[in-house]
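Worksheet: the structure to be examined is printed underneath.
The values are calculated or read from the model by the stated rules, or taken from the named source; none is laboratory data. These figures come from a predicted structure and were not determined experimentally. Here the Cβ positions follow ideal geometry from the backbone for every residue, glycine too, while neighbour counts run over all protein chains shown.
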Amino acid sequence: MSKPKLKVSVFLLILFLVACSEPPFEGATPKPVVTLTPTSEFNSPTATPSPILSPEVHRSFIPLAVVSKGSESPRGDPSTSSGRGMVRALKAHLSLTPTATPTAIRDLLPDGVPREATVPILMYHHVGEPPPGADAIRRDLTVLPSQFEAQLAYLSGEGYQTIHLSDLIMHLQMGRPLPPKPIVITFDDGYHDVFTNAYPLLKEYGFVATFFIITRLADEGREEYLSWAEIKALHAAGMEIGSHTYTHPDLRGKPYDYIVWQVLGSKEAIEARTKEPVRLFSYPSGRYDQQVVEVLKSTSYWGAVTTSQGAHQSSDRTFELQRIRVRGSYSLRDFAYWLNYWLENSE
């Protein structure tokens, strides 16, 4: 065969192969692959995440959480030029991230079966001694260590078994089994006294808890709040870490960019330390609106807790989970009364 004919044959073969190949879908990215390996029957799974973005996109994406002078928290405010640039990058990130749907939430794969469960989620803040001159609000948010220990002893004696908040969500969405008397313990704000006073007692009783962190306070190293080293220690000991935003603002009615900055910035700051996906959120002061819920869903959260009193949880309201507030004024008798009251009267 002459050289001109050979070249033509090769060219036609290439055209044929190109025509037979399936064209790539515009904007397509690889599907994230996550392996879930249960550590035990009732403990949270260990997730091994894959990049949400393709390698090409991820290299050019400027993450909200960046390693700079020991800080992995949000850079700048969305009202500034640097902050606006950050938010633009985040919005591009979100546009390339599969949006949560009723049938698939990343590595959480709801089976579509409606479920309800009566599971109490206890809400704590401080565990310690109120400072001299503490106002009524601080006293209300502070449970004495002796009170906390008595409450844990009561729960243990009544046969309650603590679970992670993610275990509850996996039960509601996927039918994952729960122990006979499950209960969730949560701490809002990330105060230092929960590490010095609550954490040792939780270990003593073999209990786990979920801690919601305001990440800016950890960045600033404020003595009254958990340090990053303490947060990492809690996580390493089997406690669950969730987000309570970057600065604890009321998110209702805020611009979309600002909400993204608060909820994704804090999420990535925690993930940078724990090396594990953050899936849980606590609304600051219990305030939220539908836009906040949609942003949480779009940024890989599985659910969120409110300050609405009750113990009735359902698969269609995992971003509006009810809790039972534990007040500093409660005697052990009060604690038992309100726990049982909400178990019997929640809707």
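List of remarks:
- For the stretch 255-280, filtered to residues that are in contact (Cβ under 8 Å) with a residue 24 or more places away in the chain and part of a loop (DSSP other than H, G, I, E, B), the residue that is farthest from Ala198 (Cα to Cα) is Pro255.
- Residue in the stretch 289-303 that is nearest to Ser314 (Cα to Cα), counting only those that are hydroxyl-bearing (Ser, Thr, Tyr) and surrounded by 21 or more Cβ atoms within 10 Å (Cβ to Cβ): Tyr301
- Residue match in the stretch 163-170 (condition: surrounded by fewer than 22 Cβ atoms within 10 Å (Cβ to Cβ) and of a type in the set (D, E, K, R)): no
- Out of Glu240, Glu268, sole residue that is crowded, with 24+ Cβ neighbours inside 10 Å and in contact with a Ser or Thr (Cβ under 9 Å, 6 or more places away or on another chain): Glu240
- Any hit, the stretch 228-238, residues being within 22 Å of Gly310 (Cβ to Cβ), assigned to a loop (DSSP other than H, G, I, E, B) and either of a type in the set (Gly, Ala, Ser) or modelled with pLDDT of 95 or more (or both): no
- Restricting the stretch 295-344 to residues that are without any contact (Cβ under 8 Å) to a residue 24 or more places away in the chain and among the basic types (Lys, Arg), the residue that is farthest from Asp135 (Cα to Cα): Arg317
- Verdict on Arg252 being of a type outside the set (S, T, N, Q), in a helix (DSSP H, G or I) and at pLDDT 95 or above: no
- Exactly one residue out of Glu149, Glu158 is charged (D, E, K, R), surrounded by fewer than 17 Cβ atoms within 10 Å (Cβ to Cβ) and farther than 26 Å from Thr247 by Cβ, and it is Glu158.
- The stretch 103-133, residues that are over 18 Å from Ala198 (Cβ atoms), out of contact with any His (no Cβ under 8 Å at 6 or more places or on another chain) and surrounded by fewer than 17 Cβ atoms within 10 Å (Cβ to Cβ): Thr103, Ala104, Leu109, Asp111, Gly112, Val113, Pro114, Pro132, Gly133
- Residue within the stretch 104-118 that is modelled with pLDDT under 95 and touching a Leu at 6+ places or on another chain (Cβ under 7 Å) present: yes
- Per-region count, the stretch 220-237, residues surrounded by 17 or more Cβ atoms within 10 Å (Cβ to Cβ) and either of a type in the set (D, E, K, R) or under 18 Å from Pro277 (Cα atoms) (or both): 5
- Unmet requirement for Asp193, which otherwise passes all of (1) in contact (Cβ under 8 Å) with a residue 60 or more places away in the chain; (2) surrounded by fewer than 21 Cβ atoms within 10 Å (Cβ to Cβ); (3) farther than 22 Å from Ile324 by Cα: (3)
- When residues in the stretch 282-309 are screened for being more than 22 Å from Tyr124 (Cβ to Cβ) and over 12 Å from the mean Cα position of the chain (by Cα), 8 of them pass.
- In this entry, Arg279 is excluded by the filter for residues that are among the charged types (D, E, K, R) and over 11 Å from the mean Cα position of the chain (by Cα).
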